[in-house]
Amino acid sequence: MAEKEEVKLLGIWASPFNRRIEMALKLKGIPYDYVEEKLLDKSPLLLELNPIHKKVPVLVHNGKTILESLVILEYIDEAWPHNPILSQDPYERSKARFFAKLIDEQIFDAGFVSMARADEKGREAFVEKTRELIMHLEKELVGKDFFGGKSVGFLDFVAGSMIPFCLERGWEGMGLEVITEEKFPEFKRWVKNMEKIEIVKECIPPREKHIEHMNFMVQRVRSA
Amino acid sequence: MANEVILLDFWPSMFGMRTRIALREKGVEFEYREEDLRNKSPLLLQMNPVHKKIPVLIHNGKSVNESIIQVQYIDEVWSHKNPLLPSDPYLKAQARFWADFIDKKMYDAQRKVWATKGEEQEAGKKEFIEILKTLETELGDKPYFAGDDFGYVDIALIGYYTWFPAYEKYGNFSIESECPKLIAWAKKCLERETVAKSLPDPEKVIGFVSELRKRFGLE
């Protein structure tokens with residue numbers, strides 16, 4: 001068949017933005033070279049490939065650079081159309097994109113502040129705010145095994161990498177239960193479904209190490 | 001099947017302008033409804049319960065929210081004419097990256113230019129010009145961001161152009177002297193009927209910004 005496909009992914013082990021890319025690559029069975037970056041000591045390669053944002057993930061496909069995790073996910077789906085992660089239906093696609101944006105912008109911000117604010121009252125307020133936002137996702141999951149319907153897809157990777165396998169670990173490290181079974185039964189059910197998926201299990205940071213890392217990051221911000 | 005398209009919008013919104021342009025590029029008939037943002041309609045609140053913001057695109061009763069998502073939706077539904085995004089996945093990814101850059105950087109920076117004063121305003125002006133220069137570099141010598149064809153990134157950015165005279169007035173600087181190529185690009189975009197019809201008169205925008213500044217106690 002065609003020439004050799006060369007796929008390289010620059011990332012940081014704890015980054016949810018990275019992990020979701022790995023889930024997509026694994027789902028499509030795409031082999032790739034992974035390059036671990038250091039948050040506080042970015043490589044010349046990273047700075048050359050992403051001069052504007054200087055962030056991971058960076059995907060390099062046959063010498064072409066793609067940046068921004070949501071853009072990368074859509075690129076992967078289009079460059080390798082088998083095992084699609086997004087619906088073909090424009091309306092369903094628009095909903096997936098909408099919730100992905102909600103997760104990466106508002107939920108990520110509120111979630112992080114709920115851990116990193118120095119004052120307890122401030123943190124509590126942001127915990128509440130995060131809960132309100134996640135309630136929108138709760139409603140989306142009614143009657144579905146995954147956000148993608150019967151199988152995992154784009155929004156499962158975005159939400160999964162960010163919430164149960166990142167933010168929740170941070171909250172756990174603080175002794176907080178933000179997402180309760182009582183208020184978020186659909187969400188809890190979805191997490192259980194996600195935990196059974198091989199590629200998800202393979203692509204999430206190791207739990208204990210991750211909790212420790214989140215604690216470290218949060219303390220760093222709190223004491224700044 | 002009949003297509004019923006309603007756009008809930010607010011005339012000076014650089015976000016609403018994107019959706020107006022996209023609909024017109026595709027020749028889609030739509031009903032434009034002006035929202036009073038201090039008295040939002042029940043329909044707006046029902047159709048965008050998460051953010052309660054405009055623009056809201058309602059297509060056959062179903063809502064699509066967030067302007068950049070609306071532009072992609074419009075491109076995918078009415079795919080038979082005037083593609084707004086390139087078909088090549090890599091070029092598409094480039095276009096999405098730059099629209100995302102505009103969304104991440106422009107709004108907050110431009111706001112500092114007209115809604116603050118003193119040191120904060122000076123810092124805002126500097127940041128704003130840097131962002132425009134980055135975009136100008138990306139544009140290069142091409143007629144439009146994607147090359148020969150007007151599309152996604154042009155649509156994402158052009159609405160801000162109607163606010164430029166307001167930025168210049170209240171920021172006391174000239175954008176054209178800093179970014180002449182970008183101004184030339186904007187004027188070229190405005191030669192398109194779909195754009196000209198979708199953008200308000202910049203003089204009206206200055207009036208609107210003046211009112212906001214009074215409300216914020218800046219004049």
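Give me the helices (runs of 4 or more DSSP H) completely within the range A:140-222, filtered to those with at least 2 residues that are more than 17 Å from the chain's Cα centre (by Cα), ordered by residue number.
Filter on the range A:140-222 gives A:168-173, A:185-195, A:207-222.
Which of the residues that make up the range A:194-216 are closer than 26 Å to residue A:135 by Cβ, surrounded by fewer than 17 Cβ atoms within 10 Å (Cβ to Cβ) and not acidic (Asp, Glu)?
If the condition is that a residue be closer than 26 Å to residue A:135 by Cβ, surrounded by fewer than 17 Cβ atoms within 10 Å (Cβ to Cβ) and not acidic (Asp, Glu), then A:196, A:207 are the ones that fit.
Inside the range A:134-154, can you point out the residues that are without any contact (Cβ under 8 Å) to a residue 60 or more places away in the chain and within 14 Å of chain B (Cβ to nearest Cβ)?
A:134, A:135, A:136, A:137, A:138, A:139, A:140
Residues of the range B:165-185 being touching a Lys or Arg at 6+ places or on another chain (Cβ under 8 Å) and closer than 12 Å to residue B:129 by Cβ, which ones?
B:171, B:173, B:178, B:179, listed by residue number.
Kindly indicate whether any position in the range B:145-153 is in a helix (DSSP H, G or I), free of Cβ contacts under 8 Å to residues at least 60 places away in the same chain and closer than 29 Å to residue B:26 by Cβ.
yes
Given the condition closer than 24 Å to residue B:69 by Cα, within 14 Å of another protein chain (Cβ to nearest Cβ) and surrounded by fewer than 20 Cβ atoms within 10 Å (Cβ to Cβ), answer yes or no: does some residue in the range A:19-28 qualify?
For the range A:19-28, residues closer than 24 Å to residue B:69 by Cα, within 14 Å of another protein chain (Cβ to nearest Cβ) and surrounded by fewer than 20 Cβ atoms within 10 Å (Cβ to Cβ): absent.
Considering only helices (runs of 4 or more DSSP H) fully contained in the range A:45-133, which possess at least 2 residues that are more than 21 Å from residue A:153 (Cβ to Cβ), more than 11 Å from every other protein chain (Cβ to nearest Cβ) and touching a residue at least 12 places away in the same chain (Cβ under 8 Å)?
So the answer is A:108-116.
Please go through the range B:1-48 and pick out each residue that is assigned to a strand (DSSP E or B) and of a type in the set (D, E, K, R).
B:9, B:31, B:33, B:34
Is it true that some residue in the range B:51-70 is of a type outside the set (A, V, I, L, M), away from chain A (no Cβ under 14 Å) and within 20 Å of residue A:90 (Cα to Cα)?
So far as the range B:51-70 goes, no, none of its residues is of a type outside the set (A, V, I, L, M), away from chain A (no Cβ under 14 Å) and within 20 Å of residue A:90 (Cα to Cα).
Being under 17 Å from residue B:11 (Cα atoms) and crowded, with 16+ Cβ neighbours inside 10 Å narrows it down to one of B:182, B:199, so name that one.
B:199
Identify, please: which residue in the range B:90-102 is over 16 Å from residue B:147 (Cβ atoms) and at the interface with another protein chain (Cβ under 9 Å from one of its Cβ atoms) and is, among those, surrounded by the fewest Cβ atoms within 10 Å (Cβ to Cβ)?
B:100
Can you pull out every residue in the range B:61-106 that is in contact with a strand residue (DSSP E or B) (Cβ under 8 Å, 6 or more places away or on another chain) and either under 22 Å from residue B:137 (Cα atoms) or not in a helix (DSSP H, G or I) (or both)?
Matches in the range B:61-106: B:63, B:64, B:65, B:90, B:93, B:97.
Write out, first by first residue and then by second, each pair whose Cβ atoms fall under 6 Å of each other, whose residues are 6+ apart or on separate chains, and whose first residue, in the range B:51-73, is closer than 12 Å to residue B:8 by Cα while the second is in a loop (DSSP other than H, G, I, E, B) and at pLDDT below 95.
none
Being touching a helix residue (DSSP H, G or I) at 6+ places or on another chain (Cβ under 6 Å) and either within 11 Å of chain A (Cβ to nearest Cβ) or without any contact (Cβ under 8 Å) to a residue 40 or more places away in the chain (or both) is the filter here; which residues of the range B:104-115 pass it?
B:105, B:109, B:112
Would it be correct to say that residue B:30 is in contact with a Pro (Cβ under 8 Å, 6 or more places away or on another chain) and aromatic (Phe, Trp, Tyr)?
no
Give the residues of the range B:146-174 that are within 14 Å of residue B:17 (Cα to Cα) and in contact with a strand residue (DSSP E or B) (Cβ under 9 Å, 6 or more places away or on another chain), sorted by residue number.
Passing the criteria: B:151, B:153, B:154.
Would it be correct to say that residue B:70 is of a type outside the set (Asp, Glu), farther than 23 Å from residue B:147 by Cβ and crowded, with 22+ Cβ neighbours inside 10 Å?
Spelling it out, residue B:70 is indeed of a type outside the set (Asp, Glu), farther than 23 Å from residue B:147 by Cβ and crowded, with 22+ Cβ neighbours inside 10 Å.
The values are calculated or read from the model by the stated rules, or taken from the named source; none is laboratory data. For clarity, every value in this text was computed on a predicted model and none was experimentally measured. Please note: Cβ atoms are built from the backbone with ideal geometry, for glycine as well, and neighbour counts cover all protein chains shown.
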